[in-house]
Amino acid sequence: MTKHVLIAIICCVLFSLAGCSSQKVQHHEAITTSTANDLCSAQSKNERLKMAVLWYENAGEMKALYYQGYRLGKQVVDRSLQQHIAKKRAIVLDIDETVLNNGPYLESLVKSGTDDFDHDFGEWVEKAEAKPLPGVRDFLNYVNRKGIDIYYISNRNERHLEATMKNLKMAGLPQVTSSHVLLKTNEASKESRRQLVEKNHEIIALFGDNLIDFAHEFDGKSTAERNNEVEQMQQLFGDKFIVFPNSIYGSWDDDLDCRIKGA
């Protein structure tokens, strides 16, 4: 075999290997794209919503976390009562998935195949059929007996105030008046409503399932920015901020890529 023939054979082998490698890369990219598209499909999103709702409505862990959160809230209240505070004490709570359970409405979204959480929500609110979440009634009645003011700050539209108050009262919750149930008017941020409470009160604890329920620093932030703010405020969680679970909806998924990392 001549030297030139040997070189030609080697070149052919190398080109063949390069072609195989290129085909493997293209095949991997095709699988990755296909997987990403599958995860981003309406069907895939609905399946994930279904699992999240099933967990929320059935898992004992969900109930345990609410009992745990409100038990922790009682400890925060008791600790505050041992301290001198110049202003009148108050606590602030979100409503949906913090005080009231919208399970039947969330289940209806799964059945309809939509992940639009504004879809027919007003109609559901007007029914005033949401049930109180585990531990909330006992906790709020305890707070009420201690003479602490209770404020419900929610981003439900203000036109649903009457129905919301009816629902809270039917759930057996105290201090349900138009001055203590502060719904959304012109802005989604809850900061101005918290500031309204702070004019005459010391807010000793806040309860919610979304970081925007606690501080304006979380308003309009990206997922990365929200996570950074949590790190900066970590000492407040479990002390003044009591967070409840909600993997169904919230600000956490506003800019979330539906694809799994590394897919």
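Here is how the numbers come out for the structure above:
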read-out: Computed lengthening from GLU217 to GLN83, 0.36 nm per intervening residue step minus Cα-Cα distance; value: 45.5 nm
read-out: Gain on full stretching of the segment that runs from ARG137 to GLU229 - 0.36 nm per residue minus C-alpha separation; value: 30.0 nm
read-out: Cβ-derived FRET efficiency at R0 30 Å, GLN75 paired with LYS166, nearest 0.05; value: 0.45
read-out: Neighbourhood net charge (14 Å Cβ-Cβ; Lys/Arg +1, Asp/Glu -1) for GLU158; value: +2
read-out: Interchain or long-range residues, amide H under 5 Å from GLN175's placed H; value: none
read-out: Bridge type composition, segment 53-183 - antiparallel percent by DSSP, nearest 5; value: 20
read-out: Square roots of five times the Cα gyration tensor eigenvalues for segment 93-209, Å; value: 25, 17, 12
read-out: Cross-link pairs beyond the 26 Å C-alpha cut-off, checked among LYS131/LYS184; LYS74/LYS199; LYS74/LYS127; LYS45/LYS190; value: LYS74/LYS127; LYS45/LYS190
read-out: Note, ³J(HN,Hα) from phi for segment 51-61, Karplus 6.51, -1.76, 1.60, rounded to Hz, x at Gly and Pro; value: 5, 5, 5, 4, 4, 5, 8, 10, 6, x, 4
read-out: Förster radius 51 Å - calculated FRET efficiency between SER112 and THR177, Cβ distance, rounded to 0.05; value: 0.90
read-out: Selection of trypsin sites (Lys or Arg not before Pro), segment 176-254, meeting DSSP coil and at most 14 other Cβ within 10 Å; value: LYS199
read-out: Candidates per GluC sites (Glu not before Pro) in segment 140-204, loop by DSSP, up to 11 other Cβ within 10 Å; value: GLU187
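Every number in this text was worked out from the coordinates using simple rules, so none of it is lab data. Computed from a prediction, not measured in an experiment: that's the story for all the values here. Positions of Cβ are backbone-derived with ideal geometry, glycine not excepted, and every protein chain shown enters the neighbour counts.
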